[in-house]
Amino acid sequence: MPYDGNGNYTLPPVYKATPGTEIITTQHNTPLEDIQAALNAVLLRNGSAPITGNWNMGTNRITFLEDGVANTDAANVGQLKALLNNTALTGVPTVPAVTDWTAYQPVGAKDADARYARLTGGNTFTDAQNITGAINVTGTISALVASSTQKVTFRRASTYGGINSYDGSSWHPLMINDDDTASTARGTLAFSNVAQTFTQTQTFSGQTLVPDVDTFDGKDALNAETAEGRYVKSTTAEGRYIKSVPVSPNRRITDIWENADGRAVFGDGTSAPILANLADLPFSDTGLKEQAFMQWTTLDQYGHGIFTFPTAFRAGTVPVVTLMIDCEPAGTYAGHTRTYSFVRNGTAPSISNTGFMLAVGVTDGSGVYVSTVPVIACVRAVGYF
């Protein structure tokens, strides 16, 4: 070989001419043939001979390289820079399918069509869209195509940064404006002209406004102002308004007024009862209740008779009892006097929360005798229920 592994050329050792030495043909031709082979391995500047092997540039640059033209030409750095800075691609570039939507992977048209809602010119949806994730909007979303078949279905929570209004007559399912004026607070949602139906639970973190109810025979949403003017407020911890009991003959209170006497009446008070005030009660202690009744009772051999209250008083309490009893019945013990007294239980009258016992006797000039004639008494009892 005329060259070593590093590209260095040396003459073959078989011959080296020296002064005064005879030239021998067999020795002289060998180096010439080696020089011929070495020249044939040299890259010619005019490019007439092709390269026969791979080039190792040894970390050196190829400089002043002309722009490549054919697909098999080498491209210089200038061509590469121009290509990277040129955003107008003449071909159809393709990218692989996205495997991780949290990474910075390029999105192909097929992936985008399957994942995102399609728009036409003017940023309007081309068909019905089902949005399954949360939407956070701080700018403006244009109306959908003016067609009753176009709609947007939200299946999860949506957060809006502006005023949301829906004018169903012109089929604009969602208009969002960034408006913070005093009259329209951020976040107000208003629907008009077309009834809205929600098939899943809706959660509103801000104030929700509904219009006044005109008729109460439908399923209109009731606002606080209408409820305050229509229903009686509750004083219990269970809720704000008195609940209706929808079982006949119970009826809910729908209208209550105060008359000229300061008493509460239902409706206009012409055909409904007037409610009493505490001042109308006969006792200063409003917990006291009164029972007044007439009772006929028989007496045993000891002249004892038992009277029972129509309604038992509170267990453990003893009511106050006053009596008005008929005097001597006609034709019985004429000329004698009847005496009545509570039977004693120790030092106190025998009165319980359910009734009491009387002892009846007859007096004459010689003493008091036991009476066994039945007694009729008018009883007034006052106590706690």
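The values are calculated or read from the model by the stated rules, or taken from the named source; none is laboratory data. None of these values were measured; they are calculated from a predicted model. Because the Cβ atoms are built from the backbone with ideal geometry, glycine has one as well, and the counts that use them run over all protein chains shown. Calculation scope for accessible area: heavy atoms of the full protein, side chains included, ligands and nucleic acids excluded. Shrake-Rupley method; radii C 1.70, N 1.55, O 1.52, S 1.80 Å.
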Which loop chymotrypsin sites (Phe, Trp or Tyr not before Pro) in the stretch 1-76, with loop taken from DSSP, have no more than 14 other Cβ atoms within 10 angstrom of their Cβ? Trp55, Phe64
For Gln36 and Thr317 in one chain, what is 0.36 nm times their gap in residues minus the Cα-Cα distance, to one decimal in nm? 87.0 nm
Give, in nm to one decimal, the length gained when the segment between Thr21 and Thr99 is fully stretched (0.36 nm per residue of separation minus the Cα-Cα distance). 20.0 nm
Over the heavy atoms of Arg263, what accessible area does a 1.4 Å probe trace out, to the nearest 10 Å²? 70 Å²
For the stretch 24-111 the mean separation of alpha carbon contacts under 8 Å (6+ apart) over residue count, i.e. relative contact order in percent, is 11 percent
Could you give the length gained on full extension between Ala114 and Asp214, defined as 0.36 nm per residue of separation minus the Cα-Cα distance, in nm? 31.4 nm
Of Lys219, Lys81, which has the most accessible area with a 1.4 Å probe, and how do the rest follow in descending order? Lys219, Lys81
Between Arg263 and Thr337, what FRET efficiency comes out of the Förster formula 1/(1 + (r/R0)^6) with R0 = 56 Å and r the beta carbon distance, rounded to 0.05? 0.70
